[in-house]
Amino acid sequence: MTKDELKEKANDLPLQPGVYLMMDKSGKVIYVGKAKRLKNRVSQYFQDSASHTAKTRQMVAQIDHFDTIFVTSEFEALVLENSLIKRHMPRYNILLKDDKGYPFVRLSKEAYPRFSMVHKWANDGAKYFGPFGGRYETRQALDAVCAALRLPTCNRKFPRDIGAERPCLNFHMGRCDGFCRPELTAEEYNRRVRQACQMLEGRAKELLREMTAEMEAEAEALRFEQAAALRDRINAISALSKKQTVIAGLCADTDIWGLYRGAGKCCYAILHMEEGNLAGRETELFTAPMEESQEEMLSALTAQYYLPRAILPHEILLPFETENYCAELSEVLTKRAGHKVWVHVPQRGEKEELRRLAQRNAAEEAERATTAEERTAHTLALLTKMLDLPEAPKRLESYDISNTGGSDIVASMVVYSGTRPLKSAYRRFRIKELSGHPDDYASMREVLCRRLQRAADGDEKFLPLPDVFLIDGGVTHAQTALSAAREFGVDVPIFGMVKDDRHRTRALVTPDGREIGIVANQAVFSLIGQIQEETHRFAITYHHESHGKSALRSALDGIPGVGPKRRDALRKHFGTIKAIREAEVEALAAVVPQAAAEAVWRHFHPTPADGTGEGAEKNGQA
């Protein structure tokens, strides 16, 4: 379908809630979304693309046709959207895990039912719990529940194998009560299974209350052995609810969310709280397509996380507000859970501290799992988009001018390979065409022209040309650099580095005056700031060195018998004017001939005839 046909079809949609599926030419679903009013939401995709994000523009360019499914409420739309995302795994949706990542616990329907872990729910008469988190964690939790209640986990079949042979090793290790022995009844077995079900349904507190009452009754009846066995199981269940992440999540009455977008990886963290105490932590890394906003990420993640679950907490704390999403999610989850689920963003106090803790957990997990290569690739990809470059820059060159008045004007050329400085390619220039007055623009033009001329001459020290020129200064500096580049027929993107009142680069500016803010993007802001500071440091260092040499040359000018070679020898040996002034004739004579050494000494220690009393006094003392 053409864009006009898509737009016309979208405008014919009703103002009703529903779900829409965007498809490419092959019929593959590339995006699933929901809307309160389908006509308004879907038609936005085919309006003026100037207001679209890069992700939306790229997605719309691949849309060949779309389908819609009408529903009667926002609740149905949210549930259906989540189901379709799981089924089609669209590339432009944020995806948590596929179905294999959400295991269920199955309880078979037989005289001696057994627990097992399965990939998905089936209509086979068995009882299912979940879905839970990862397979490993769920298996660990199921084994721990069975161990806490002394239920068998071996391969024996009941009642077939009861009394057939001696109890297995689990009985002797205290992990099972040996239901393969004839003295234990099916009623006791099924009572333990019902208790395990209570734990898997998130009713561990209710189970502990019942078992505690039973233990006290046994103790009052002087059946101390049975009371001790109940006590041990109570302790095991209490410890289990605090050690196992899966069980902790089921027992939690509050979930606190943290969400972090890192360089290359994103992560969410959930802190499970039970009666004000931290019961467990859950984290997961994921990737967000293109430049998905944090609000879109959060709404997609929470829907995918909670909607498949049958057990929900009473309170969910989100890291930030999304437009009316808290109220919407609260209403949907309340209907699903059968009890009030309060979804909100904490503003102050202990809950706000917990929100910050969840944010730190998400950030640390994402940064720990992100490699240096991924950070580099992520930063350069962001810079490429911001500067609208055809591809990620491999070489960036930055220039700065440094001077003191009209003297000793120097420039620095700093080279970055990707996000790292390439110090072997650094170059520095002494401005030759100016004298008597500073002119940053003329100086920058001279430097760029000399640099490009050396490249045109085939000088390998100035090859290859960069992918980007960064000029320390504003729009006029960028225009000056552009003028020099055009003289040599060089078409390399040029940007000025605009600083704020704290001398930090706050934006990049094009020669035509378009500013590109970088403060909001931490990765790019850090990279450009680092390049600017390194360029300034290299320029200042060279200027100080050059200025010091100039001062040394001028201090030795006019001394009889001391020409350029002997000045260089003295400068190299003594380093500073102060050291030369304080040196004795013998020390000077070790560098230059005796006559020149005496001339230097007399230059810094004039006689009374020269009109300097201090010099005469020192001479007299000598």
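Do any residues in the stretch 133-146 that are over 20 Å from ASP232 (Cβ atoms) have Cβ atoms under 7 Å from those of residues that are assigned to a helix (DSSP H, G or I) and modelled with pLDDT under 80, where the two are at least six apart or on different chains, and which pairs are they?
Every condition considered, the pairs that remain are GLY133/THR245; GLY133/VAL246; GLY134/GLY101; GLU137/THR245; GLU137/VAL246; THR138/VAL246.
Can we say SER435 is over 14 Å from THR535 (Cβ atoms), at pLDDT below 90 and in contact with a strand residue (DSSP E or B) (Cβ under 9 Å, 6 or more places away or on another chain)? Lay out the reasoning, then the answer.
On the way: over 14 Å from THR535 (Cβ atoms): yes; at pLDDT below 90: yes; in contact with a strand residue (DSSP E or B) (Cβ under 9 Å, 6 or more places away or on another chain): yes.
In short, yes.
Do we have LEU250 as at pLDDT below 85 and surrounded by 17 or more Cβ atoms within 10 Å (Cβ to Cβ) here?
Numbers: at pLDDT below 85: yes; surrounded by 17 or more Cβ atoms within 10 Å (Cβ to Cβ): yes.
Answer is yes for this residue.
Output the qualifying pairs, or none if there are none: Cβ atoms under 9 angstrom, residues six or more apart or on different chains, first residue in the stretch 15-38 and over 15 Å from ILE69 (Cβ atoms), second residue of a type in the set (A, V, I, L, M) and part of a loop (DSSP other than H, G, I, E, B).
Filtered contacts from the stretch 15-38: ASP24/ILE63; ILE30/ILE63.
Here are some residues: LEU333, LEU318. Which one is in contact with a Leu (Cβ under 7 Å, 6 or more places away or on another chain), over 22 Å from ARG261 (Cα atoms) and open to solvent by less than 30 Å² (accessible area, probe 1.4 Å)?
On the way: LEU318 fails: over 22 Å from ARG261 (Cα atoms).
Going through LEU333, LEU318 in turn, the sole match is LEU333.
Answer yes or no as to whether ARG106 is at pLDDT 85 or above and surrounded by 14 or more Cβ atoms within 10 Å (Cβ to Cβ).
Yes; evaluated as a whole, the condition is true for this residue.
Which residue is modelled with the lowest pLDDT, if the candidates are limited to the stretch 138-170 and must be outside any loop (DSSP other than H, G, I, E, B) and in contact with a Pro (Cβ under 9 Å, 6 or more places away or on another chain)?
Once the filter is applied, the top-ranked residue is THR138.
Which residues, taken from the stretch 1-40, are out of contact with any helix residue (DSSP H, G or I) (no Cβ under 8 Å at 6 or more places or on another chain), closer than 21 Å to SER83 by Cβ and surrounded by 19 or more Cβ atoms within 10 Å (Cβ to Cβ)?
LEU38
For the structure I just gave you, tell me whether SER424 is assigned to a helix (DSSP H, G or I) and farther than 30 Å from ILE256 by Cβ.
Values: assigned to a helix (DSSP H, G or I): yes; farther than 30 Å from ILE256 by Cβ: yes.
Against the criterion (assigned to a helix (DSSP H, G or I) and farther than 30 Å from ILE256 by Cβ), SER424 qualifies.
Going by what's in this entry, would VAL519 be described as open to solvent by less than 40 Å² (accessible area, probe 1.4 Å), out of contact with any Gly (no Cβ under 6 Å at 6 or more places or on another chain) and at pLDDT 80 or above?
Against the criterion (open to solvent by less than 40 Å² (accessible area, probe 1.4 Å), out of contact with any Gly (no Cβ under 6 Å at 6 or more places or on another chain) and at pLDDT 80 or above), VAL519 does not qualify.
Inside the stretch 385-425, can you point out the residues that are open to solvent by less than 20 Å² (accessible area, probe 1.4 Å) and of a type in the set (Ser, Thr, Tyr)?
Selection gives SER398, TYR399, SER402, SER412, TYR416.
For the stretch 392-412, which residues satisfy the criterion of being without any contact (Cβ under 8 Å) to a residue 60 or more places away in the chain and under 24 Å from VAL519 (Cα atoms)?
Of everything in the stretch 392-412, just one residue is without any contact (Cβ under 8 Å) to a residue 60 or more places away in the chain and under 24 Å from VAL519 (Cα atoms), namely ALA392.
In the stretch 199-231, how many are under 19 Å from ARG150 (Cα atoms), of a type in the set (D, E, K, R) and either in a loop (DSSP other than H, G, I, E, B) or open to solvent by 80 Å² or more (accessible area, probe 1.4 Å) (or both)?
So the answer is 6.
For the stretch 4-20, does any single residue satisfy the condition of being farther than 25 Å from PHE286 by Cα, outside any loop (DSSP other than H, G, I, E, B), modelled with pLDDT of 80 or more and hydroxyl-bearing (Ser, Thr, Tyr)?
Looking for residues that are farther than 25 Å from PHE286 by Cα, outside any loop (DSSP other than H, G, I, E, B), modelled with pLDDT of 80 or more and hydroxyl-bearing (Ser, Thr, Tyr), one finds none in the stretch 4-20, hence no.
Return the pairs, sorted by first residue and then second, in which the second residue is open to solvent by less than 20 Å² (accessible area, probe 1.4 Å) and of a type in the set (S, T, N, Q), the first residue lies in the stretch 253-265 and is at pLDDT 80 or above, the beta carbons are less than 8 Å apart, and the residues are 6+ apart or on different chains.
Pairs that qualify, where the first residue is at pLDDT 80 or above and the partner is open to solvent by less than 20 Å² (accessible area, probe 1.4 Å) and of a type in the set (S, T, N, Q), are TRP257/THR302.
Within the stretch 461-472, can you find the residues that are open to solvent by less than 10 Å² (accessible area, probe 1.4 Å) and in a loop (DSSP other than H, G, I, E, B)?
The answer is PRO466, and nothing else.
The values are calculated or read from the model by the stated rules, or taken from the named source; none is laboratory data. What you see is a predicted model; the values in this text were computed from it and never measured. Methodologically, a virtual Cβ is constructed for each residue, glycine included, from the backbone with ideal geometry; neighbour enumeration extends over all protein chains shown. When the accessible area is computed, the model is the full protein with side chains, heavy atoms only, and any ligands, DNA or RNA have been set aside. Shrake-Rupley method; radii C 1.70, N 1.55, O 1.52, S 1.80 Å.
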